[in-house]
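Below is one structure; the comments refer to it alone.
Please treat every number below as a calculation from the coordinates, not as lab data. The model shown is predicted, which means the values in this text are computed figures rather than measured ones. Glycine also receives a Cβ, built like all others from the backbone with ideal geometry; neighbour counts cover every protein chain displayed.
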Amino acid sequence: MAAIDAFSDTPWLDPAGQKPLVQIKGLTKSFGAFTAIDNIDLDIYQGELFCLLGGSGCGKSTLLRMLAGFETPNGGEILIDGVDMAHVPAYERPTNMMFQSYALFPHMTVEKNIAFGLQQDGVGKSEIKDRVHDILTLVELQDYKKRKPQQLSGGQRQRVALARALVKQPKLLLLDEPLAALDKKLRKQTQFELANIQEQVGVTFIVVTHDQEEAMTLSTRMAVMDAGRFKQIGTPTEIYEFPDSRFVADFIGSANIFEGRVVEDSADHILVTTEACDVFIDHGQSVKIDSRIWVGLRPEKIRIEKSEAAASGPNQISGIVDDVGYLGETSIYKVKLESGQIVDVAAPNQMRPSSNSDRITWDDKVLLSWEPSNAMLLSS
Amino acid sequence: MTDATQPSEKLPASSWMRDLARRAQENWRLIVIAIPFVWLLFFFLAPFFIVAKISLAELAIASPPFTRMMEWSNNGIVTIRIVFDNFAYIIDDPLYFDTYLNSIKISASATLLCLLLGYPIAYAIVRSGPVAKPIFLFLIILPFWTSFLLRVYAWMGLLADQGTINNLLIGLGLIDEPIRMLYTEFAVYVGIVYTYMPFMILPLYANMERLDGSLNEAAADLGARQTTTFFRITLPLTKPGIIAGSLLVFIPATGEYVVPDLLGGGNVQMIGRVLFNEFSRNSDWPVASAVAIMLLFFLVVPMMIFQYFQGKSSEVR
């Protein structure tokens, strides 16, 4: 760790000259006619908590299973710490996996489940005892070591599964939907626990999830997958604030998308005209003039105010409130534009609706506006 | 419950039907339990007591051929006669004890053979593809579509001195003299293993099918090779299937009559044949009943004790 720290705590943000822990090159996997993984490349660095995010059937689990050695690639290679994994069977890989079903051995106690992996490595009895004790302390299950998995709650089983995978101190820990089996409240709490444990042990995690909130909270970097390919790889902020395609903008959070044409492209801004309005963008992206493009706007990045006035100038649209959804902390306004398109706007409820005489409601005329830096440029 | 009773009070016209329905609903649990209880009472417990009663009687020239247990004499006195001679006779004569032992030896060995052959078969079926699996299961059950007796006769044709197997081997020039197979212990083993194999495979299959496939992957992931995974994960988790299958083979095989009679001839003594001979040839119902009761105790009592402890240990899980 220390040697790596000397370079950078976060090598993935500045990969030049850094040696990745996991290198995936041109990896392909198909099942019959179905291509699960389509020629992908990826580097993952020591200490990362990397999330693979995507809908079901996007190939994220297949990728994880290939890293663990349960599936054989049809092409390309996987290197872990510089070693080609092509002919290394699952039982000899420096990886451990936490299964979605947890796959705890039902006939063994918590203690024996955790010791199983160490026994396979021929670790001495007293060392096994110490290491099992340490890991149980880490996941706060010392009092449950004599229990069988059926005698534990879902959250406790999840922690046993994590402990069993971590106790072998793998170079890479693979987690397949680690929180999917927990209820919503426990899941939120466990997200932070998982990230804390990862920080404490310093092991590189690769997490497969279909839950974007989970991916956003957990990961140092994440990859959005679709149809066996990476749509975008980046930090949660990059993915959310600067999605580069309509798919990613729509998949992560929600976005209002306008189709348009680039009319101005100068060093500090571009101007896109769309059916609804002109959009002025100043975050320095450059697009060829006259090209067809899509512009995305996050609902919470749009200001909404009651106004009879028509829109004047770029980054403004007027419309009529078609529907209001009260979510407690925020309200969602569905605003109908002249063109008939519906734009979602989210605004925090800083006052109780009952005590707010000026509140926006059905059929109000409103003016929408946003900062020039808020619009996102999207490819198809 | 109370909600269901209210409409019946309002509508007295067809109240008896509603009443019946309500009572059935209230006593539903009782009815459900009563069905197997009545079944076992009539078809297991009652015959058992009849046989037990006969075993305590004496042989008599009468119809049925044994003395009555209770007799009312004219002066109103009831005489109860219980004779333990039959049990004393069975214990005294080493023939019976040896036959019990031989039966248990043969059926235990056959059970082990069924397990050794059936376990990999069940494992292969579980692992087979979605097209092959129902076909394999169908093939396992297929023999039941013909009579058990017919299948044993077929084995006689295969194993006889002039049978299919010997003729084939002689025809191929591998042997000059036919190998004696029919009317040997070998033939009895073949018959028992063949007929009882499905009873081993099916419970094992049901057990293995329920196992979470990711357990094997988890073991491999934690560094276990296939043999380790088998002995430490698969085998312990299929123990219920092994026990169920073994009991389903061992218990009926011990009392088996047809296979040792047809394939073993007079050369293989098993308790089922002895029992049949006592009943039909010697017409000695009391001794035959005593043989049956003893068999029951030899088999069922150890099983019950075993089941009891098995049940206790699974409660702890």
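I want to make sure I understand the PRE zone here: with the label point 7 angstrom from the Cα of A:Glu371 toward its beta carbon, which residues in region A:303-339 have backbone N atoms less than 12 Å away?
A:303
What aspartates and glutamates sit close enough to A:Lys19 to cross-link, taking a C-alpha to C-alpha distance under 18 Å and skipping anything fewer than 8 places away on the same chain?
The reachable aspartates and glutamates, counting only those whose Cα sits under 18 Å from A:Lys19, are A:Asp5, A:Asp9, A:Asp41, A:Asp43, A:Glu48, A:Glu77, A:Asp81, A:Asp84.
How far is the Cα center of region B:246-317 from the Cα center of region A:119-137, in Å?
50 Å
Local charge sum around B:Thr229 (other residues, Cβ-Cβ under 11 Å, Lys/Arg +1, Asp/Glu -1)?
Details: positive: B:Arg225, B:Arg232; negative: B:Glu217, B:Asp221.
Computed value for this residue: 0.
What does the average come to when, for each residue of peptide A:9-20, you count the partner chain Cβ atoms lying within 10 Å of its Cβ?
Counting Cβ atoms of other protein chains within 10 Å of each residue's Cβ and averaging gives 0.
Assuming a viscosity of 1.306 mPa s and a temperature of 10 °C, what translational diffusion coefficient in µm² per second does Stokes-Einstein assign to region B:102-203, Rh being the Kirkwood radius over Cα pairs?
Details: Rh = 15.4 Å.
Answer, rounded: 103 µm²/s.
What is the Å³ per residue value for the convex hull set by the Cα atoms of region B:93-283? Don't skip to the answer; put the middle values down first.
Numbers: hull volume 31.8 nm³, N = 191.
Given the Cα convex hull of region B:93-283, per-residue volume reads 166 Å³.
May I ask for the Rg/Rh ratio of region B:240-317, computed from Cα atoms with Rh as the Kirkwood radius, given to two decimals?
Values: Rg = 15.9 Å, Rh = 14.3 Å.
On the Cα set of region B:240-317, Rg over Rh gives 1.12.
Just to check, using Stokes-Einstein with a Kirkwood Rh over alpha carbon pairs, what's the diffusion coefficient of region A:180-320 at 20 °C and 1.002 mPa s in µm²/s?
On the way: Rh = 17.8 Å.
Value of D from the Cα-based Kirkwood radius: 120 µm²/s.
Considering the protein assembly as shown, what Rg and Dmax in Å follow from its alpha-carbon atoms?
So, for the protein assembly as shown, Rg and Dmax equal 38.5, 129 Å respectively.
Take chain A, connect every pair of alpha-carbon atoms lying under 10 Å apart with a spring to form a Gaussian network, then pick out the residue of A:Gly47, A:Gly82, A:Gly122 with the largest mean-square fluctuation.
Largest GNM mean-square fluctuation: A:Gly122.
Average partner chain C-beta neighbours within 10 Å, per residue of A:157-166?
Numbers: counts 0, 0, 0, 0, 1, 0, 0, 3, 3, 0.
Taking the mean over all residues of the peptide, I get 1.
In the structure displayed, which of A:Lys171/B:Lys239; A:Lys145/A:Lys168; A:Lys60/A:Lys129 lie more than 24 Å apart, Cα to Cα? Let's see the in-between values first.
Working: A:Lys171/B:Lys239 36 Å; A:Lys145/A:Lys168 17 Å; A:Lys60/A:Lys129 35 Å.
Result: A:Lys171/B:Lys239; A:Lys60/A:Lys129 exceed 24 Å.
Anyone know which of B:Thr195, B:Thr164, B:Thr238 comes out most mobile in the 10 Å Cα GNM of chain B?
Sorting by GNM fluctuation, first place goes to B:Thr164.
How long is region A:143-218 along each principal axis, judged by its Cα atoms, biggest number first, in Å?
The Cα atoms of region A:143-218 stretch 35, 30, 18 Å along their principal axes.
For chain A, give the share of DSSP beta bridges that are antiparallel, in percent and rounded to the nearest 5; count only bridges with both residues there. The partial results should precede the final answer.
On the way: 60 of 80 bridges.
Around 75 percent antiparallel, to the nearest 5.
Per residue of chain B, what 222 nm ellipticity follows from adding -39500 (n - 2.57) for every DSSP H run with n ≥ 4, rounded to the nearest 500? Before the final figure, lay out each step's value.
Working: 16 runs with 216 residues, N = 317.
The per-residue figure over chain B is -22000 deg cm²/dmol.
For Cα pairs less than 8 Å apart in space and 6+ apart in sequence, what is the mean separation divided by the residue count of region A:36-158, i.e. the relative contact order in percent? Could the numbers behind the result be given before it?
Values: 76 pairs, mean separation 23.5, N = 123.
Relative contact order of region A:36-158: 19 percent.
Simple spin-label model, 7 Å along Cα-to-Cβ: A:Lys336 to A:Glu127 in nm?
That separation, rounded to one decimal, is 7.3 nm.
Which value results when the Cα radius of gyration for region A:281-328 is divided by 2.2 N^0.38 Å?
Details: Rg = 14.8 Å, N = 48, 2.2 N^0.38 = 9.6 Å.
Against the empirical 2.2 N^0.38 Å value, I get 1.55 for region A:281-328.
What list of whole percents do you get for P(r) of region A:258-378, with Cα-Cα distances grouped in 5 Å bins up to the one holding the largest distance?
2, 11, 21, 22, 16, 12, 8, 5, 2, 0
Take peptide A:99-107, look around each residue's Cβ out to 10 angstrom, count Cβ atoms belonging to other protein chains, and average those counts. Present the calculation step by step, with values, prior to reporting the outcome.
Numbers: counts 6, 1, 5, 3, 10, 4, 9, 7, 7.
For this peptide, the per-residue mean of nearby foreign Cβ atoms is 6.
Please report, in whole Å³, the volume per residue of the convex hull around the C-alpha atoms of region B:96-161.
On the way: hull volume 8.7 nm³, N = 66.
Spread over its residues, the Cα hull of region B:96-161 gives 132 Å³ apiece.
Any chance you could check the Cα centroid distance between region A:292-370 and region B:14-78 for me, in angstrom?
Here the two parts' Cα centres lie 82 Å apart.
About the Cα centre, and with charges only on the beta carbon of Lys, Arg (+1) and Asp, Glu (-1), how big is the dipole of the protein assembly as shown? Nearest 20 debye, please.
On the way: 60 positive and 75 negative charges, 493 e Å.
Using only the charged Cβ atoms, the result is roughly 2360 debye.
At B:Thr79 and B:Ile243, where each label point lies 7 Å from the Cα along Cα→Cβ, what is the point-to-point distance in nanometres?
5.0 nm
In 10 Å bins starting at zero, report the fraction of Cα pairs in region A:17-140 per bin as a rounded %.
Reading the bins upward from 0: 11, 34, 32, 20, 4, 0.
Semi-axes of the equivalent ellipsoid for region A:67-163, please: Cα gyration tensor eigenvalues, times 5, square-rooted, ordered largest first, whole Å.
Taking √(5λ) for each Cα gyration eigenvalue gives 29, 16, 11 Å.
If I take R0 = 35 Å and measure r between the Cβ atoms of A:Asp282 and A:Asp211 in this structure, what FRET efficiency does the formula 1/(1 + (r/R0)^6) give, to the nearest 0.05?
Working: r = 33 Å, r/R0 = 0.95.
E(calc), rounded to 0.05, equals 0.55.
Checking understanding here: applying a Kyte-Doolittle mean of at least 1.0 and a length along the axis of at least 27 Å (C-alpha), which whole DSSP H helices in chain B pass? Don't skip to the end; give the middle numbers.
Working: long enough: B:94-127 (49 Å, 0.98); B:185-210 (37 Å, 0.75); B:285-316 (46 Å, 1.28).
Within chain B the helices that satisfy the rule are B:285-316.
So what's the net charge close to A:Gly154: Lys and Arg +1, Asp and Glu -1, counting the other residues with Cβ under 11 Å from its Cβ?
With Lys, Arg at +1 and Asp, Glu at -1, the net is +2.
Region B:158-270: percent of C-alpha pairs farther apart than 18 Å?
Details: 4090 of 6328 pairs.
That tail contains 65 percent of the Cα-Cα pairs.
How big, on average over all directions, is the shadow cast by the Cα convex hull of region A:2-246, in nm²? Please report the intermediate quantities before stating the final value.
Values: hull surface 56.9 nm².
Dividing the Cα hull surface by four gives the mean projection, 14.2 nm².
Stretch B:Asp212-B:Leu101 to full length: gain in nm at 0.36 nm per residue minus the Cα-Cα span?
Here the answer is 35.9 nm.
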